[in-house]
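The structure appears right after this line, and notes come after that.
Just so you know, all these numbers are worked out from the coordinates, no wet-lab data involved. Fair warning: this is a prediction, and the values are worked out from it, not measured in the lab. Cβ coordinates were reconstructed from backbone atoms using ideal geometry, including for glycine residues, and neighbour counts include every protein chain displayed.
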Amino acid sequence: MNTSAVPSAELDRLRRLGWSPAEHGTLREGIWRVGEAGSVNYPTEGFAAIEPGSGASYWFDHRADEVAEQLHRLSCASLWEIGAGSGAMSHRLERKGFEVVAVEPLIEGARAIAERSDGPVFCGLVDDLHLPSGSLPAVGVFDVLEHLDHPDLMLAELHRILAPGGLLFVTVPALSWLWSDEDDVAGHQVRYTRRTLTAAMAEAGFAELHSAYLYASLVAPAAAIRAVPYRLGRRRSGTEALAALDQQLDPPPAVDKAVRSVLRGESRLARRLRLPIGTSLLGVYRRPL
């Protein structure tokens, strides 16, 4: 675990702009504590199931691969991840050579990130950092917006702190008709379509550069196993739903290998044509100059 401030080119850059983390928080256990603990629509007991930050998981690996491809395409070397969970994405992106500054409001998640992270970790809300306007080149919010009662407020703050021309990378769960008890226990408020996500981002002042459905090959299993039973009134307890999610994200090795192969084929297909559906959405947006 980091027990002192780790070297960070990104924080050094902000210090040159006159901003210092020490002015807004204290460093304890390798974590910058800022502001007060926030209220988050996220099950703290679900970190082990929903955010396996270490180890292998086809779902998290595929999401990180798709985001990394866009980061490379747009020549982004560093990223501020807002709502970083327990580091499932930040850890993977760091392994791919990106510098990640992680911001997570729940201390359980921040501690998990600090256990593995090579970069700075902040525990608090992005608003508590009081970052300079127009100061960040790139921000990621990965499966965060769907947890918020008022995502427009976060998007407004991200628009403020992103530099003109700065990039915003977003993933969200897709398709309202895939709603199930797993969304309920995860604290989701909404599942998006490409149209509704694009509209929300445009309303917040962002221009779309790229949007794509992910996990198209998992739509049919998700509908059959989760969504259809849910619509028929079959409800699982929170514990049962989390256990099912854990099993889906950490399947037996043979299943994991097969799913990875299918997802690699899906990625190759998506480079040639736009997939019409998926269980998740990836969007890349720019703050206009």
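Once backbone amide H atoms are built at 1.01 Å from N, Gly140 has Trp80, Glu81, Ile82, Phe169 as its partners under 5 Å, excluding neighbours fewer than 5 places away on the same chain. Along region 272-289 the Karplus relation, 6.51 cos²θ - 1.76 cosθ + 1.60 evaluated at θ = phi - 60°, assigns HN-Hα couplings of 9, 8, 7, 5, x, 8, x, 7, 9, 10, 10, x, 10, 9, 10, 6, x, 5 Hz to successive residues, with x for each Gly and Pro.
In whole angstrom, note down how far apart the Cα centers of region 273-289 and region 163-215 are. Rounded to whole Å, the Cα centres lie 8 Å apart. Between Thr196 and Asp184, the contour length at 0.36 nm per residue exceeds the alpha carbon distance by 2.3 nm. Per-residue Karplus couplings for region 110-127, computed as 6.51 cos²θ - 1.76 cosθ + 1.60 with θ equal to phi - 60°, are listed in order as 4, 5, 5, 5, 4, 4, 10, 6, 9, x, x, 10, 10, 9, x, 8, 4, 4 Hz, Gly and Pro entered as x. Full extension of the chain between Val228 and Glu108 gives 39.9 nm of extra length, using 0.36 nm per residue less the Cα-Cα distance.
Among His72, His147, His62, sorting on how many other beta-carbon atoms sit within 10 Å of each Cβ, with the fewest leading, yields His72, His147, His62. Taking other C-beta atoms within 10 angstrom as a stand-in for reagent exposure, Ser75, Ser90 fall in the order Ser75, Ser90, fewest first.
Of the residues Trp179, Trp80, Trp32, the one with the fewest other Cβ atoms within 10 Å heads the list, and the complete ranking is Trp179, Trp32, Trp80. Percent of Cα-Cα pairs more than 35 Å apart in the chain, please. For the chain, the fraction of Cα-Cα distances above 35 Å is 14 percent. Does region 126-225 classify as rounded, prolate or oblate by the C-alpha gyration tensor (a ≥ b ≥ c root eigenvalues; a/c under 1.5 gives rounded; else a/b over b/c gives prolate, otherwise oblate)? The shape class here is prolate. Beta bridges from DSSP with both residues in the chain: antiparallel share about 50 percent, rounded to the nearest 5. Most tightly packed first, judged by the mean number of other beta-carbon atoms within 10 Å of their residues, the peptides 81-87, 8-14, 196-202 read 81-87, 196-202, 8-14. For region 130-289, rounded, prolate or oblate, judged on the Cα gyration tensor with a ≥ b ≥ c (square roots of eigenvalues), a/c < 1.5 rounded, else prolate if a/b > b/c? The shape class here is prolate. For region 158-221, the relative contact order comes to 31 percent (Cα pairs under 8 Å, sequence separation of at least 6). Estimated purely from DSSP H runs of n ≥ 4, each contributing -39500 (n - 2.57), the mean residue ellipticity at 222 nm for the chain is -11000 deg cm²/dmol once divided by its residues. Highest GNM mean-square fluctuation among Val259, Val172, Val34, for the chain modelled with Cα contacts below 10 Å: Val259. Helix 238-249 axis versus longest C-alpha principal axis of the chain: approximately 90°, rounded to the nearest ten.
Using C-alpha pairs under 8 Å with a sequence gap of at least 6, the mean separation divided by the residue count of the chain gives a relative contact order of 21 percent.
When you restrict to C-alpha pairs under 8 Å that are six or more residues apart and normalise by the size of region 57-135, the relative contact order lands at 25 percent.
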